[in-house]
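Student: Here it is, the structure in full.
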Amino acid sequence: MANIRTQVGIVGAGPAGLMLAHLLHLQGIESVVLESHSREYVESRVRAGVLEQGTVDMLRESGVGARMEREGLQHEGVELRFGGKGHRIDFQHLVGKSITVYGQQEVVKDLIGARIGYGQPIFFEAEALHVSEFDAQPRIRYACQDAEHEVACDFIAGCDGFHGICRPAVPAERVRFYERQYPFAWLGILAHVPPASHELIYNYHERGFALLSMRTPEISRLYLQCEPDEQIQNWSDERIWQELRIRMATHEGFVLKDGPIFQKGITPMRSFVTEPMQFGKLFLLGDAAHIVPPTGAKGMNLAVADARVLTRGLVEYYKRRSAGDLARYTERCLKRVWLGQRFSWWMTSILHRFPHEDDFSHQIHLAELDYVTHSRAASTSLAENYVGLPFDTPGLF
Ligand code: FAD
Ligand code: DHB
């Protein structure tokens, strides 16, 4: 068994783990990243697409934003569509900020490229099996190339997503979970067709929610609300396009062109929060600690925000021998997480059809959307949350 010694052992090479490793390296703090999948797999896993302005700034200021600046699509607003009409929420006008559409797997590629470029340790196909002694001398046991190894570290960062091993390693009496399941899922596709709009369109329709997004000027990303136990094989390409056309139709005759679909998947919807997010020297980040339903596009943004908070705590610890910021990790993260939960839950609630909703509920959805799109106060609130609430302390670098 080969043993490695490092300052921070990071489990998982998603946005949380990679961002943390990158920020720590810039501050001269050593880490080792363990990832159970191959590099090809994590670099091609299709997920999020919307970056808050704070996330964009973090990538740019930390030196990994060059490709995002070239290829990312900056959006200054978003459309809410209901009752056959579209209504634009103008972020720039309302709050002076914007968002950037840039695939999560592109962020992951850029961060992996930087990590390898700096010659820093990252092991793929290295599955963490067990984390232990996180109140004393933390250890991560992992399997790689049919052998078991160990990382001994000062701290463990559990960035291993919702189905990882770090959160379940915490004794039940030390942790509390908050959870909400939603009675629907999203069917998402990627298609070779230019986006039918240059900004995102969030659609509320009696038949359910639909979302038009994009990845590049040639590739559309679209989502449809579906049953939670939906079988993807029940949805032919033709049926998907037809349903999207119905839900996105306008009185003005909106045209949604179809194109070859090259990726399809079903995403369950859940709200989930772990409290606290730290257990001795084990810290949970991103989806390992919290999940939001995707409607507000907050998941990846919250994951990198946790990395920012933990970096600050670790810098204080190593450079000034003060554990004060580390002790406040949970408090700092959960404040933002609950605000993200509230916004995602609210966006989900107003834009989806729940089972057994009657005509009264439908009218309430329409009234809520009418209010949000016509009241300056309400649209400013949506805009402020969508582009991302400010970080509590500016200037980490
Ligand atoms: P993950 O990305 O899940 O990374 C965890 C990593 O840990 C994985 O690479 C996994 O392989 C690895 N791992 C797991 N177990 C182990 C182990 N035992 N040993 C080693 N490695 C392990 N968020 C947004 O901000 N904006 C959006 O627009 C948005 N849209 C979304 C759309 C969809 C369809 C989906 C599914 C999600 C969306 N999200 C969005 C959410 C976002 O993708 C997640 O919140 C984000 O991936 C969280 O990052 P993470 O690093 O915490 O976890
Ligand atoms: C995308 C995903 C979201 O959850 C969202 O709210 C907006 C866009 C996307 O994948 O492009």
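The values are calculated or read from the model by the stated rules, or taken from the named source; none is laboratory data. A quick note: this is a predicted structure, and the numbers were derived from the prediction, not measured. Cβ atoms come from the backbone with ideal geometry, glycine included; neighbour counts cover every protein chain shown. For accessibility, only protein heavy atoms count, side chains too; no ligands or nucleic acids. Shrake-Rupley method; radii C 1.70, N 1.55, O 1.52, S 1.80 Å.
Student: Pull up segment 165-183, narrow it to residues that are assigned to a strand (DSSP E or B) and either more than 14 Å from ligand 2 (Cβ to nearest atom) or without any contact (Cβ under 8 Å) to a residue 12 or more places away in the chain (or both), then point me to the one that is nearest to Ser361 (Cα to Cα).
Tutor: Looking at residues that are assigned to a strand (DSSP E or B) and either more than 14 Å from ligand 2 (Cβ to nearest atom) or without any contact (Cβ under 8 Å) to a residue 12 or more places away in the chain (or both), I get Pro183.
Student: Looking for something open to solvent by less than 60 Å² (accessible area, probe 1.4 Å) and away from ligand 2 (no atom under 16 Å from the Cβ) - is there at least one such residue anywhere in segment 209-221?
Tutor: Within segment 209-221, none of the residues are open to solvent by less than 60 Å² (accessible area, probe 1.4 Å) and away from ligand 2 (no atom under 16 Å from the Cβ).
Student: Next question. Does Gly340 satisfy being open to solvent by less than 10 Å² (accessible area, probe 1.4 Å), more than 19 Å from Gln53 (Cβ to Cβ) and assigned to a helix (DSSP H, G or I)?
Tutor: So Gly340 fails the test.
Student: Would segment 252-259 turn up any residue that is at pLDDT 95 or above and in contact with a Ser or Thr (Cβ under 8 Å, 6 or more places away or on another chain)?
Tutor: Yes - at least one qualifying residue is present in segment 252-259.
Student: Can Thr295 be described as within 16 Å of ligand 2 (Cβ to nearest atom), open to solvent by less than 30 Å² (accessible area, probe 1.4 Å) and hydroxyl-bearing (Ser, Thr, Tyr)?
Tutor: When the stated conditions are applied, Thr295 passes them.
Student: What number of residues in segment 262-292 are aliphatic (A, V, I, L, M) and open to solvent by 30 Å² or more (accessible area, probe 1.4 Å)?
Tutor: Residues in segment 262-292 being aliphatic (A, V, I, L, M) and open to solvent by 30 Å² or more (accessible area, probe 1.4 Å): 1 in total.
Student: Listed residues Val46, Val78; which is aliphatic (A, V, I, L, M), modelled with pLDDT of 95 or more and within 16 Å of ligand 1 (Cβ to nearest atom)?
Tutor: Val78
Student: Something else now. Tally the residues that are within 25 Å of Leu302 (Cβ to Cβ), of a type in the set (Asp, Glu) and free of Cβ contacts under 8 Å to residues at least 60 places away in the same chain, restricting the search to segment 352-387.
Tutor: Adding up the residues that qualify gives 1.
Student: Step by step: first the residues of segment 41-94, then only those that are within 16 Å of ligand 2 (Cβ to nearest atom) and among the β-branched types (Val, Ile, Thr), then the one that is surrounded by the fewest Cβ atoms within 10 Å (Cβ to Cβ). Which residue is that?
Tutor: By that ranking, first place goes to Val46.
Student: Determine whether segment 126-143 contains at least one residue that is open to solvent by less than 30 Å² (accessible area, probe 1.4 Å), among the basic types (Lys, Arg), in a strand (DSSP E or B) and at pLDDT 95 or above.
Tutor: Checked segment 126-143: no residue is open to solvent by less than 30 Å² (accessible area, probe 1.4 Å), among the basic types (Lys, Arg), in a strand (DSSP E or B) and at pLDDT 95 or above.
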